[in-house]
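The values are calculated or read from the model by the stated rules, or taken from the named source; none is laboratory data. Quick caveat, the model's predicted, so the values are computed rather than measured. Positions of Cβ are generated from backbone atoms using ideal geometry, with glycine treated the same way; all protein chains shown enter the neighbour counts. Just the protein is used for accessible areas: all its heavy atoms, side chains included, with ligands, DNA and RNA removed. Shrake-Rupley method; radii C 1.70, N 1.55, O 1.52, S 1.80 Å.
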Amino acid sequence: MAEVLDDSLVVDDAAILASLERQAAQLGEKVSAKAASRIELFLKALRPPEISLPVIQSLAFQGIPDEAPGLRAIYWKLLLGYLPLDRNKWRSALASSREVYAGFRRDLLARPHVSDHEGTPSENGVSPDTRTLERKTLSVVDHPLSIDRQSEWSLFFKSKEVWEEIDKDVRRTRPEMHFFFLPSSGVATQDLEHDTHEKHSDVLGRILFIFAKLNPGIRYVQGMNEILAPIYYLFATDLTACSREHAEADAFFCFTTLMGEVKDSFLRSLDSTESGIRGRITQLNQFLRRKDEDLWRHLDQLQINPQFYSLRWIMLLLTQEFEMPDIMRLWDSLLADPKRFEFLFYFCCAMIITVRGQLFEGDFADNMHLLQRYPPTDLRQLLETAIKLRNSDLKSTGSNASSAESNPSTSG
């Protein structure tokens, strides 16, 4: 029987905006006049029935205010195309997507031939349990020992291998953050009566497992967990119920959209193409040569292959180089980039140029250690440098960056 989502949790656009406006009003004197003014600008951009993508991109690029609960979650969902720009379609879009995800959980996480009277299988779909298999006659194809690669059991065992790989990685996701090891109560509560001790890391695993099942061409590749983590963390810790209570489903679709844009970096068959990881590393190297040829030549003479340090930067969207609050701020700009992810190259160049003095002083070993274990650096300084690098190109091509984008000092 099809599951029905609690309609009271699928709020419409007016309720979402009202919640944001109310939260902002309650801030009162807790924030500066400047912060309050910025929050009002972000809210104003959401009020028209048809939201302007260029406007919210320009605002988000500056950094979404941390002081306004729920604002970043709404903006990321808009920037990733999960929420339509037409606010009148928010309710139906959210309800439809969450129903679809409930179906994915129901259909993709079941073990073969489990009796209905035995209850719902474990949500991860593959963990060992004591449930008995349904007593029925199995065909040769559907027998657990069948060598048919398309049999239900063959596919089940393949899924088990994928799950074990995912489970290993999600348990190591952001180990410095206690959040992922806490119970996930209150998050995506449908069908979790068998998972009372489920952790947030388990929810990450389920999202990645469903993604792998739906995308057999790419399946799961190590590192996807790091890209999912900021999205899920943002939605699951949001103070607004409309985001938090459906964090799993919303994170799944936003992650899927993002992976659709960066998946080529995870496909070995595309490594040497322009959109593959080696091609993107080459683009970064070309960016650096244009922006600081002396530094580029120095690194080249030391035979420091940019692949040694930038593969992780590009592939994981810098999630391993910074703490979560800085990742949130950086991703505001990355997701708001109209030429996603061109600004990533400017930012990576800024990272290298910011430590150029140390790089000129160091030898091969020193510089490899410096770039592979990038030192703690003020994110605002890196953003300022990256924006200056980008603006110099915009100026040379006759384009104009907005004054707001040119000044990250107003960042949240």
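Cross-link reach is defined here as a Cα-Cα straight distance under 20 Å, omitting same-chain residues fewer than 8 places apart; for LYS213 the lysines meeting it are LYS158, LYS160, LYS168, LYS263. The stretch 298-327 and the stretch 223-239 have Cα centres spaced 21 Å apart.
For the pair ASP393 and ARG22, label points projected 7 Å from Cα toward Cβ lie 4.5 nm apart.
The charge dipole of the stretch 289-337, taken about its Cα centre with unit charges on the Cβ of Lys, Arg, Asp and Glu (plus for the first two, minus for the last two), comes to roughly 180 debye.
Charges were assigned to the Cβ only: +1 to each Lys and Arg, -1 to each Asp and Glu. The resulting dipole of the stretch 172-321 about its Cα centre is roughly 560 debye. Projected onto the charge dipole of the stretch 191-283 (+1 at Lys/Arg Cβ, -1 at Asp/Glu Cβ, origin at the Cα centre), which of PHE266, HIS246, HIS200 gives the Cα projection farthest towards the positive end? About the Cα centre, the residue reaching furthest to the positive side is PHE266. A simple charge model with +1 on the Cβ of Lys and Arg, -1 on the Cβ of Asp and Glu and nothing else charged puts the dipole of the stretch 16-76 at about 40 debye relative to its Cα centre. Remark on ASP86: its backbone amide H falls under 5 Å from those of ILE51, a criterion applied only to residues 5 or more positions apart or on other chains, H modelled at 1.01 Å from N.
A probe of 1.4 angstrom, applied to the heavy atoms of all protein chains, finds LYS89 with accessible area near 110 square angstrom. Ordered from highest to lowest accessible area with the whole protein assembly present and a 1.4 Å probe, ASP363, ASP393 read as ASP363, ASP393.
With contacts taken as Cα pairs under 8 Å at a separation of at least 6 residues, the stretch 211-333 carries a relative contact order of 22 percent. Taking all protein chains as they are arranged and a probe of 1.4 Å, the heavy atoms of ILE16 leave approximately 10 Å² accessible to solvent. Loop-located trypsin sites (Lys or Arg not before Pro) in the stretch 338-391 (DSSP state not H, G, I, E or B) with no more than 12 neighbouring Cβ atoms inside 10 Å: LYS339, ARG373.
As an exercise, use a Förster radius of 35 Å and the Cβ-Cβ distance of SER96 and ARG171 to find the FRET efficiency, rounded to the nearest 0.05. Show your work: numbers first, answer last.
Values: r = 33 Å, r/R0 = 0.93.
So the FRET efficiency works out to roughly 0.60.
Label separation (ARG380 vs LEU239): 2.2 nm, computed from points 7 Å beyond Cα along the C-beta direction.
Close amide-amide hydrogen proximity is noted between LYS199 and SER184, each under 5 Å apart and 5 or more residues distant or on a separate chain (H modeled in the peptide plane; Pro and chain starts excluded). Extending 7 Å from the Cα toward the beta-carbon at both ILE218 and LYS30 defines two label points whose distance is 3.8 nm.
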